[in-house]
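Below is one structure; the comments refer to it alone.
Laboratory data are not the source of any read-out in this text; all were calculated from the coordinates shown. These numbers come from a predicted model, not from an experiment. Methodologically, a virtual Cβ is constructed for each residue, glycine included, from the backbone with ideal geometry; neighbour enumeration extends over all protein chains shown.
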Amino acid sequence: MAVFSYTGNTLSVAERIREETGADLFRVETSDEWPEDYQAMTAQVQEELEGGYLPPLATTVPNWDEYGVVYLGSPIWWYVAPTIINTFLEAYDFSGKTVIPFATSGGSGMGKTDDVLRKCCAPDTRWKPGRCFYGGADAAALRAWVEGLGL
């Protein structure tokens, strides 16, 4: 499971998914500095989205080739995942892997996230429909979602 979490909300959902699935957890992080001030951070993120900037990764996934299924978690900002997720997808070969996106949001839903992120991967990457969790994840709803994936 690869997850980017700015405030900790998405990480909290990822940890619950890990409890349900036994998946390893990898933190997607950038080497860029993020402003601590929320308003400054949102302004920076909007500039990155509009300019197509892909922040550099600060970490690498050990044993990448051993994974066939990748849960991919992030917040949703302006109806898409932050561009650090695009960087992550372009940095690794997802050929033949199954990607299961999940997100947290204050209310915008997945937006066009699935469509945007699919373009970053090999054509033979298998995508499961993304799921957005609002304000955290109810344990029963999360369990039902994981079981419904049929993995």
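Remarks
- Computed from backbone phi with θ = phi - 60° and the Karplus coefficients 6.51, -1.76 and 1.60, the 3J(HN,Hα) list for the stretch 59-76 is 9, 10, 7, x, 6, 3, 5, 6, 9, x, 10, 10, 6, 10, x, 6, x, 10 Hz; x is used for glycine and proline.
- For Thr30, the residues whose modelled amide H falls within less than 5 Å of its own, excluding neighbours fewer than 5 places apart on the same chain, are Ala58.
- Among Thr104, Thr83, Thr60, the residue with the largest mean-square fluctuation in a Gaussian network model of the chain, with springs joining Cα atoms closer than 10 Å, is Thr60.
- Rounded, prolate or oblate (a/c below 1.5 giving rounded, otherwise prolate when a/b exceeds b/c) for the stretch 72-151 by Cα gyration tensor: oblate
- Ranking of Ser12, Ser95, Ser5 by neighbouring Cβ atoms within 10 Å, starting from the fewest: Ser95, Ser12, Ser5.
- Alpha carbon centroid spacing (whole Å) that separates the stretch 107-151 from the stretch 1-28: 13
- Fluctuation leader among Ala103, Ala91, Ala40 - the chain, Gaussian network, Cα springs under 10 angstrom: Ala40
- Computed from backbone phi, the HN-Hα couplings of the stretch 144-150 come to 4, 5, 4, 5, x, 6, x Hz, rounded to whole numbers (Karplus: 6.51 cos²θ - 1.76 cosθ + 1.60, θ = phi - 60°; Gly and Pro given as x).
- Within the chain, percent of DSSP bridges classed antiparallel, to nearest 5: 10
- Look at (i) 17.1; (ii) 15.6; (iii) 18.6: the one that is Kirkwood radius over Cα pairs in Å derived from this structure is (ii).
- In the chain, helices alone account for a calculated mean residue ellipticity at 222 nm of -10000 deg cm²/dmol, with every DSSP H run of four or more residues adding -39,500 (n - 2.57).
- The order of Glu90, Glu29, going from fewest to most other C-beta atoms within 10 Å of their C-beta, is Glu90, Glu29.
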